[in-house]
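Asker: Dumping the structure here so I can ask a few things about it.
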Amino acid sequence: MVGELETAARQYEDFAANDRLSPRDRARGRLWVGTALSKDGNQDYAVSAMETAVLAFEDLSELEAWSVGQQKLALAHRGNRNLDAALRLIDLARSAGITHFGGRRKVM
């Protein structure tokens, strides 16, 4: 995604809006939109996209994806220098007992 983050976000937006995909895959697309935008410095829209994805994961009872979404939201808030929200979200993600660090899944 590096260097082409806006393009990536638009492509992920297509996934998020594709009715042929499962609700889980559309939510993942929305999370990826937020991830790309956050990496590009567009934290406000990134947070909005990620919050939508996290709510969908919650509705779908996708605990692991929900936890990952909380962690990504925390990073976006950190990018906005909103450290209180970032810490709150990390604590919330940890409360689920599933964390992702360095690409490895760790069950607590």
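The values are calculated or read from the model by the stated rules, or taken from the named source; none is laboratory data. On a predicted model such as this, the values are computed, not experimentally measured, just so you know. When we count neighbours, we look across all protein chains shown, and the Cβ atoms used for this are built from the backbone with ideal geometry, even at glycine.
Asker: When residues of region 56-73 are filtered for being surrounded by fewer than 17 Cβ atoms within 10 Å (Cβ to Cβ) and either touching a strand residue (DSSP E or B) at 6+ places or on another chain (Cβ under 9 Å) or within 18 Å of residue 11 (Cα to Cα) (or both), how many remain? Before the answer, list the steps.
Answerer: In the first step, residues of region 56-73 are kept if they are surrounded by fewer than 17 Cβ atoms within 10 Å (Cβ to Cβ); the result is 58-61, 63-64.
Now drop any that are not either touching a strand residue (DSSP E or B) at 6+ places or on another chain (Cβ under 9 Å) or within 18 Å of residue 11 (Cα to Cα) (or both), which leaves 63-64.
Number of matching residues: 2.
Asker: Quick one: which of 65, 93 is hydrophobic (A, V, I, L, M, F, W, C) and modelled with pLDDT of 90 or more? Spell out how you get there, then give the answer.
Answerer: On the way: 93 fails: modelled with pLDDT of 90 or more.
It is 65.
Asker: If we keep just the residues of region 1-36 that are touching an Asp or Glu at 6+ places or on another chain (Cβ under 9 Å) and assigned to a loop (DSSP other than H, G, I, E, B), which is surrounded by the fewest Cβ atoms within 10 Å (Cβ to Cβ)?
Answerer: 18
Asker: Can you find even one residue in region 37-55 that is buried (at least 22 other Cβ atoms within 10 Å of the Cβ), in contact (Cβ under 8 Å) with a residue 40 or more places away in the chain and part of a helix (DSSP H, G or I)?
Answerer: So far as region 37-55 goes, yes, one or more of its residues are buried (at least 22 other Cβ atoms within 10 Å of the Cβ), in contact (Cβ under 8 Å) with a residue 40 or more places away in the chain and part of a helix (DSSP H, G or I).
Asker: Of all residues in region 74-100 being of a type in the set (Gly, Ala, Ser) and assigned to a loop (DSSP other than H, G, I, E, B), which is surrounded by the fewest Cβ atoms within 10 Å (Cβ to Cβ)?
Answerer: Only one residue tops the list, namely 97.
Asker: Okay, moving on. For region 63-84: of the residues being charged (D, E, K, R) and touching a helix residue (DSSP H, G or I) at 6+ places or on another chain (Cβ under 6 Å), which is farthest from residue 30 (Cα to Cα)?
Answerer: Initially, region 63-84 is screened for residues charged (D, E, K, R), giving 64, 72, 78, 81, 84.
Then keep just the ones that are touching a helix residue (DSSP H, G or I) at 6+ places or on another chain (Cβ under 6 Å); that gives 72, 78.
Details: 72: 12, 78: 19 Å.
Looking at the filtered set, the residue picked out is 78.
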